Amino acid sequence: MIHPLLPAEGPPQLAGADLVPGTVMARRQVHLTREVFQGFAAVSGDAHPLHYDAAYAKSHGLRAPIAHGLLLVAITALGATPLSAQLHDSMVAMLGTQARFISPAYEGDRVDVSLTVLEIQPKSRNRCVAAFEVKVERGAELLASVQHQFMLRFSREEAAA
């Protein structure tokens, strides 16, 4: 069955062998609005005032409420990029995520998210671990670096079988 949001023919499919370390595979911009912060607080249950109360944030030396760390991880999701649809046939599993937070992202910020192939590690004849680094930046300032690891089929021929 083809996902209703994808074209009938679907996007060209990729596998681990098609991914080249150092290649930026996706970019997007995210506007961190009050509604985004409130929605994440509602879903996560994390309603610390640093994330939604401007007066509280300012009383703690911040210029505005700051994004939840897990909100920043969420906006780095592979599924939020067109690359996800290109890996449908080769995707086996998500293996893990690691995040490093460098500087706060504030309510109202527009952040740039870029997903780069970090490495491809063959694991067997038809499996590999694909590692991606996702940077969250405000202009030239790095706010967070997130790594995602996935188990993929290594070749398109084996993915289609």
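The values are calculated or read from the model by the stated rules, or taken from the named source; none is laboratory data. Since we're looking at a predicted model, the values are computed, not measured. For neighbour counting, all protein chains shown are included, and Cβ atoms are generated from backbone atoms with ideal geometry for every residue, glycine included. With ligands, DNA and RNA removed, areas are computed over all heavy atoms of the protein, side chains included. Shrake-Rupley method; radii C 1.70, N 1.55, O 1.52, S 1.80 Å.
In table form, for the structure just shown:
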{"item": "Share of carbon and sulfur in the accessible heavy-atom surface of the chain [1.4 Å probe, %]", "result": "55"}
{"item": "Solvent-accessible surface (1.4 angstrom probe) belonging to Ser145, in square angstrom, nearest 10", "result": "10"}
{"item": "Rounded to the nearest 20 debye, dipole of the chain from Cβ charges on Lys, Arg, Asp, Glu", "result": "180"}
{"item": "The stretch 47-63 - phi-based ³J(HN,Hα) in whole Hz, Karplus 6.51/-1.76/1.60, Gly and Pro as x", "result": "10, 4, x, 4, 9, 9, 10, 4, 5, 4, 4, 5, 5, 10, x, 9, 7"}
{"item": "Under the Karplus curve 6.51 cos²θ - 1.76 cosθ + 1.60, θ = phi - 60°, whole-Hz ³J(HN,Hα) for the stretch 128-139, x wherever Gly or Pro sits", "result": "8, 9, 9, 10, 10, 9, 10, 9, 10, 10, 10, x"}
{"item": "Theoretical ellipticity at 222 nm over the chain - DSSP helices of four or more residues, -39500 (n - 2.57) apiece, nearest 500", "result": "-5000 deg cm²/dmol"}
{"item": "Degrees between helix 34-44 axis and first principal axis of the chain (Cα, 0 to 90, nearest 10)", "result": "70"}
{"item": "Accessible surface ranking that places the most exposed of Val134, Val36 first, with a 1.4 angstrom probe", "result": "Val36, Val134"}
